[in-house]
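The values are calculated or read from the model by the stated rules, or taken from the named source; none is laboratory data. This is a predicted model, so every value here is computed, not measured. FYI the Cβ positions are ideal-geometry reconstructions off the backbone, even for glycines, and counts take in every protein chain you see. Surface areas here come from the heavy atoms of the whole protein model, side chains and all, with no ligands, DNA or RNA. Shrake-Rupley method; radii C 1.70, N 1.55, O 1.52, S 1.80 Å.
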Amino acid sequence: MIASVRGVVAGLSPDGAVIEVGGVGLAVQCAPGTLAGLRVGGPARLATSLVVREDSLTLYGFADDDEKQLFELLQTASGVGPRLAQAVLAVHTPDTVRKAIANADTATLTRVPGIGKKGAERLVLELRDRIGPVAVGPDGAAGVTVGAWPDQVRQALIGLGWTAAQADQAVAAVAETLDGATPPVPVLLKQAIRLLGKTR
């Protein structure tokens with residue numbers, strides 16, 4: 001079991017990073033929030049979870065141990081695999097997920113692509129007693145922080161090699177296309193990369 005990796009960031013892509021450890025490049029699948037904190041050539045320490053399948057070994061990376069623990073806990077619910085567990089953490093912070101499960105807030109959980117009403121209800125039913133302590137904010141809310149996505153997308157774009165000016169331009173362009181509910185960060189990041197791809 002590879003519990004964590006520490007090394008130099010050798011490469012970044014929209015859905016992962018290559019961390020060079022002792023001359024070996026490890027491919028690590030990461031959510032946009034984690035990628036936003038990485039820079040090519042810079043040092044990195046990621047908590048990791050190794051998912052073993054018959055035909056593959058996939059290493060998932062997280063900014064801290066809290067995210068990793070929640071990632072592993074989510075997979076103990078029926079119907080939740082590593083990709084869906086990572087999608088949950090790409091959309092919500094661990095505290096938001098815990099609050100949503102503890103309060104049976106299925107509306108928050110269904111904001112994750114791939115989780116419908118029944119899936120959200122199943123998560124609440126199966127994990128409510130095992131979710132651990134829930135941190136309560138000053139307003140007691142369990143929603144996503146408004147305005148968090150522009151910063152996450154901007155940092156991820158800079159980490160992928162675009163300039164701050166290009167990242168700002170792409171975030172502004174994506175923001176103009178939004179109408180109503182804000183899509184998850186990975187969707188917004190892909191949209192920004194598509195826009196920047198046209199200008200390269």
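Could you point to the residue in T34, A170, V24 farthest towards the positive end of the chain's charge dipole, with +1 and -1 charges on the Cβ of Lys/Arg and Asp/Glu respectively?
Checked the options; the winner is A170.
What part of the accessible area of the chain, given as a whole %, is carbon or sulfur when the probe is 1.4 angstrom?
Roughly 54 percent, rounded to a whole number.
What distance in nm separates the simple spin-label points at A164 and E126, each placed 7 Å from Cα in the Cβ direction?
4.5 nm
Sorted by mean Cβ packing within 10 Å, highest first, what order do the peptides 170-176, 53-59, 90-96 take?
Top to bottom by mean Cβ count within 10 Å: 90-96, 170-176, 53-59.
In whole angstrom, how long is each semi-axis of the equivalent ellipsoid of the range 23-81, when you take the square root of 5 times every eigenvalue of its Cα gyration tensor and sort them from largest down?
Value: 22, 15, 9 Å, ordered largest first.
Estimate the FRET efficiency between D151 and R194 by the formula 1/(1 + (r/R0)^6), using the beta-carbon distance for r and 25 Å for R0, to the nearest 0.05.
Using R0 = 25 Å, I get an efficiency of 0.80.
Sum -39500 (n - 2.57) across every DSSP H segment of at least 4 residues in the chain, then divide by the residue count to get the 222 nm mean residue ellipticity, nearest 500.
Helix-only estimate at 222 nm: -13000 deg cm²/dmol.
For A36, what is the net charge nearby, where nearby means another residue's Cβ is under 9 Å from its Cβ and Lys, Arg count +1, Asp, Glu -1?
Overall, the nearby charge balance is 0.
In whole Å, what is the distance between the alpha-carbon centres of the range 72-122 and the range 7-23?
Centre-to-centre distance over Cα atoms comes out at 27 Å.
Please list 3J(HN,Hα) in residue order for the range 15-20, calculated via the Karplus relation 6.51 cos²θ - 1.76 cosθ + 1.60 where θ = phi - 60°; whole Hz, with x for glycine and proline.
For the range 15-20, the Karplus-derived couplings read 10, x, 9, 10, 9, 8 Hz, x marking Gly and Pro.
With the Cα gyration tensor of the chain in hand, give its eigenvalues times 5 under a square root as the equivalent ellipsoid semi-axes, listed largest first in whole angstrom.
Working from the Cα gyration tensor, I get semi-axes of 27, 23, 14 Å.
State in Å² the accessible area per residue of the range 1-82; use a 1.4 Å probe, count heavy atoms of protein chains only, and round to the nearest integer.
48 Å²
Only Lys, Arg, Asp and Glu count, each charged at its Cβ (+1, +1, -1, -1), so figure out the dipole size of the chain about its Cα centre, rounded to 20 debye.
320 debye
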